[in-house]
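These notes are about the structure you will find just below.
The values are calculated or read from the model by the stated rules, or taken from the named source; none is laboratory data. Fair warning: this is a prediction, and the values are worked out from it, not measured in the lab. Positions of Cβ are generated from backbone atoms using ideal geometry, with glycine treated the same way; all protein chains shown enter the neighbour counts. Protein only, heavy atoms only, side chains kept; ligands, DNA and RNA dropped before computing areas. Shrake-Rupley method; radii C 1.70, N 1.55, O 1.52, S 1.80 Å.
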Amino acid sequence: MNQSAIMSDSPINKPAVSSWAMFRTLCGVALFSGLIIVIVYQTTLPFIQENRRKAIERAVFEVLPGATQRLTFSVEADGPRLITEDEVVSTRMYAGLDGSGNLVGIALEAMGQGYQDVIRLMYGYDPERELIVGMTILEMRETPGLGDKIAHDPRFLANFEALDVSLNADRTDFINPVVAVDQGDKINPWEVDGITGATISTQAVTRIIGLNAKEITPYILEHHDVLKGASS
Amino acid sequence: MSNTEVTPPMDVFIKGLWRENPVFRMLLGMCPVLAVTNSVMNALAMGAATLFVLTMSSTLVALLKDFIPKQVRIATYIIIIATFVTVVDYVIQAISLDLYMALGAFIQLIVVNCMILGRAEAFASKNSVPRAILDALGMGLGFTIALLCLGAVREVLGNGSFLGFDLFGPSFEPWSVMILPPGGFFVLGFWLLLFAYVKERSDARKKGQEEMSHGG
């Protein structure tokens with residue numbers, strides 16, 4: 001075989017690509033990429049924000065039966081502060097009002113570990129009666145057909161239509177702890193009737209609501225008058 | 001110029017639908033195929049998202065092929081693919097948050113779908129823009145059809161519905177396993193078996209015809 005033919009195929013003899021050509025290509029493509037992403041982000045942002053606002057609004061009205069309007073509050077050490085929708089705060093809660101402007105309840109977001117991933121939910125709290133009056137799942141990755149029943153099973157969701165979360169006299173704990181029980185074993189208003197085949201998911205929802213309510217309900221009761229005043 | 005250029009344009013498009021179907025013939029992109037096909041709507045959305053990313057990235061790769069040095073070609077392809085995946089991610093969020101939640105992380109994972117990088121490397125980087133677009137459309141549609149085949153069977157059997165519409169009434173007991181991960185493997189296995197059987201029959205028929213023509 002011709003030696004020069006072998007040599008011409010050798011990678012050593014191929015014309016070298018300059019570092020500048022590689023740098024130019026990668027930078028050019030990255031700049032183009034950045035430009036496209038910025039344009040799409042700016043174009044879709046109002047629609048995404050509107051979708052999120054609608055999702056929150058739908059959830060608030062779902063967990064607070066009778067509410068037709070809502071106000072957003074920031075949870076702050078010296079009391080709740082009325083904020084605008086776009087204001088960025090660490091913790092927020094939503095006051096649901098009826099047609100006459102009366103406070104129906106407070107909607108709160110909570111999250112915690114489920115069976116497969118984090119469960120994010122919203123629940124409604126009625127400070128007058130110290131009851132949880134509704135719950136909806138905002139985000140979850142529970143097992144389809146089993147754990148995901150926590151979002152749709154009407155019998156399970158009925159647990160949260162009047163779940164007792166009354167606080168003791170010094171507001172440090174519940175009078176009766178919120179617990180999940182086996183399907184069909186619910187007797188008391190502070191118990192959550194579980195779903196057979198979705199034990200871990202139902203216990204997770206109960207735990208998430210219990211922990212969050214124990215932390216936030218003393219704050220709501222303490223500032224109940226402020227919330228009512230701001231609402232009216 | 002590659003020898004694939006001699007293939008008629010219609011063949012470039014059609015091969016992805018059947019002869020080189022990315023799922024049923026080449027077993028590419030199995031992760032979303034198994035993970036998101038528990039309903040027809042999820043399958044359709046993932047198929048459309050993949051089709052868009054594949055078409056746009058193949059177009060751009062074919063357009064820029066003469067300017068991309070070989071040493072940085074994979075990095076460049078990944079940047080291009082990731083750009084269009086990000087675009088799809090924002091667009092789906094703008095269309096429907098529920099759909100975005102249902103598809104979960106699998107939208108972002110289109111970046112690592114080996115079918116897209118594979119077509120960029122094996123076809124778009126060696127062919128003209130129109131051929132790259134035809135190839136991407138064929139492969140993307142083939143991928144979408146495969147997802148729909150799985151999604152339809154899994155939703156009908158696992159949930160008793162099609163596109164959310166109840167088919168069998170309250171007396172139907174759904175086969176929950178079909179919408180669980182093992183159901184994805186069962187249904188994929190069934191479709192692969194069917195495709196292999198049809199191909200075997202077709203090959204046998206062609207062979208018989210050839211033998212007859214030689215004999216005659």
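All but one of (1) surrounded by 15 or more Cβ atoms within 10 Å (Cβ to Cβ); (2) under 15 Å from the mean Cα position of the chain (by Cα); (3) not charged (D, E, K, R) hold for B:VAL91; which doesn't?
Single failed check for B:VAL91: (2).
For the range A:18-64, give me each residue that is at the interface with chain B (Cβ under 7 Å from one of its Cβ atoms) and open to solvent by 40 Å² or more (accessible area, probe 1.4 Å).
If we filter the range A:18-64 for residues that are at the interface with chain B (Cβ under 7 Å from one of its Cβ atoms), which is where we start, we get A:21-22, A:25-26, A:29-30, A:33, A:36-37, A:40-41, A:44, A:47-48, A:51-52, A:55.
Listed by number, the residues that qualify are A:MET22, A:LEU26, A:ALA30, A:ILE36, A:ILE37, A:TYR41, A:PHE47, A:ARG52.
Please work out if B:GLY189 is surrounded by fewer than 12 Cβ atoms within 10 Å (Cβ to Cβ), under 18 Å from the mean Cα position of the chain (by Cα), of a type outside the set (Asp, Glu) and more than 14 Å from chain A (Cβ to nearest Cβ). It would help to see each step written out before you state the result.
Working: surrounded by fewer than 12 Cβ atoms within 10 Å (Cβ to Cβ): yes; under 18 Å from the mean Cα position of the chain (by Cα): yes; of a type outside the set (Asp, Glu): yes; more than 14 Å from chain A (Cβ to nearest Cβ): yes.
Against the criterion (surrounded by fewer than 12 Cβ atoms within 10 Å (Cβ to Cβ), under 18 Å from the mean Cα position of the chain (by Cα), of a type outside the set (Asp, Glu) and more than 14 Å from chain A (Cβ to nearest Cβ)), B:GLY189 qualifies.
Can you tell me how many residues in the range B:56-82 are within 13 Å of chain A (Cβ to nearest Cβ), of a type in the set (A, V, I, L, M) and in contact (Cβ under 8 Å) with a residue 24 or more places away in the chain?
9
Within the bounds of the range B:126-135, is there any residue that is open to solvent by 10 Å² or more (accessible area, probe 1.4 Å) and within 14 Å of chain A (Cβ to nearest Cβ)?
First, pick out the residues of the range B:126-135 that are open to solvent by 10 Å² or more (accessible area, probe 1.4 Å): B:126, B:128-131, B:133-134.
Filter again for within 14 Å of chain A (Cβ to nearest Cβ), leaving none.
Taking every residue of the range B:126-135 in turn, none turns out to be open to solvent by 10 Å² or more (accessible area, probe 1.4 Å) and within 14 Å of chain A (Cβ to nearest Cβ).
Which of the residues belonging to the range B:94-103 are more than 9 Å from every other protein chain (Cβ to nearest Cβ) and open to solvent by 30 Å² or more (accessible area, probe 1.4 Å)? Break it down stepwise before answering.
From the range B:94-103, those more than 9 Å from every other protein chain (Cβ to nearest Cβ) are B:99, B:102-103; that's our starting set.
Correct list: B:LEU99, B:ALA102.
Among residues belonging to the range B:165-186 that are outside any helix (DSSP H, G or I) and within 13 Å of chain A (Cβ to nearest Cβ), point out the one that is least open to solvent (accessible area, probe 1.4 Å).
Applying the first criterion (outside any helix (DSSP H, G or I)) to the range B:165-186 yields B:165-175, B:180.
Those left that are additionally within 13 Å of chain A (Cβ to nearest Cβ): B:173-175, B:180.
Working: B:GLU173: 144, B:PRO174: 48, B:TRP175: 125, B:LEU180: 30 Å².
Taking the candidates together, the pick is B:LEU180.
Considering only residues that are part of a helix (DSSP H, G or I) and more than 21 Å from B:ILE133 (Cβ to Cβ), look in the range B:56-71 and name the one that is most open to solvent (accessible area, probe 1.4 Å).
Narrowing the range B:56-71 to residues part of a helix (DSSP H, G or I): B:56-64, B:70-71.
Checking which are more than 21 Å from B:ILE133 (Cβ to Cβ) leaves us with B:70-71.
Working: B:LYS70: 147, B:GLN71: 116 Å².
Per the stated criteria, the residue is B:LYS70.
Would you point out which residue out of B:VAL85, B:VAL53 is within 11 Å of chain A (Cβ to nearest Cβ), open to solvent by less than 10 Å² (accessible area, probe 1.4 Å) and either part of a helix (DSSP H, G or I) or not aliphatic (A, V, I, L, M) (or both)?
Numbers: B:VAL53 fails: within 11 Å of chain A (Cβ to nearest Cβ).
Just one listed residue meets the conditions, B:VAL85.
Please determine, by comparing only the residues of the range A:145-171 that are out of contact with any Pro (no Cβ under 9 Å at 6 or more places or on another chain) and within 14 Å of chain B (Cβ to nearest Cβ), which one is surrounded by the fewest Cβ atoms within 10 Å (Cβ to Cβ).
Of everything passing the filter in the range A:145-171, A:PRO154 is surrounded by the fewest Cβ atoms within 10 Å (Cβ to Cβ).
Which of the residues spanning the range A:57-91 are in a helix (DSSP H, G or I) and either over 16 Å from the mean Cα position of the chain (by Cα) or touching a residue at least 40 places away in the same chain (Cβ under 8 Å) (or both)?
Going residue by residue through the range A:57-91, those that are in a helix (DSSP H, G or I) are A:57-63.
Within the range A:57-91, A:ALA59, A:VAL60, A:GLU62, A:VAL63 meet the criteria.
Can you find even one residue in the range B:107-122 that is assigned to a helix (DSSP H, G or I) and either hydroxyl-bearing (Ser, Thr, Tyr) or at positive phi (or both)? So that I can check it myself, show each step before the final result.
Narrowing the range B:107-122 to residues assigned to a helix (DSSP H, G or I): B:108-112, B:114-122.
From what's left, either hydroxyl-bearing (Ser, Thr, Tyr) or at positive phi (or both): none.
No.
Run B:ARG19 past the list (1) in contact with a Lys or Arg (Cβ under 8 Å, 6 or more places away or on another chain); (2) in contact (Cβ under 8 Å) with a residue 60 or more places away in the chain and report the number of the one that doesn't hold.
Status for B:ARG19: all satisfied but (2).
Looking at the range A:208-231, can you tell me whether even one residue there is among the hydroxyl-bearing types (Ser, Thr, Tyr) and under 17 Å from A:LEU138 (Cβ atoms)?
No, there is no match, as no residue in the range A:208-231 is among the hydroxyl-bearing types (Ser, Thr, Tyr) and under 17 Å from A:LEU138 (Cβ atoms).
Is it true that B:GLY140 is closer than 22 Å to B:ASP11 by Cβ, open to solvent by less than 60 Å² (accessible area, probe 1.4 Å), in a helix (DSSP H, G or I) and in contact (Cβ under 8 Å) with a residue 24 or more places away in the chain?
On the way: closer than 22 Å to B:ASP11 by Cβ: yes; open to solvent by less than 60 Å² (accessible area, probe 1.4 Å): yes; in a helix (DSSP H, G or I): yes; in contact (Cβ under 8 Å) with a residue 24 or more places away in the chain: yes.
Yes.
So for the range B:23-30 (the condition being within 10 Å of chain A (Cβ to nearest Cβ) and touching a Lys or Arg at 6+ places or on another chain (Cβ under 9 Å)), does at least one residue qualify? Steps first, answer last, please.
First pass over the range B:23-30, keeping only residues within 10 Å of chain A (Cβ to nearest Cβ): none.
No, the range B:23-30 contains no residue that is within 10 Å of chain A (Cβ to nearest Cβ) and touching a Lys or Arg at 6+ places or on another chain (Cβ under 9 Å).
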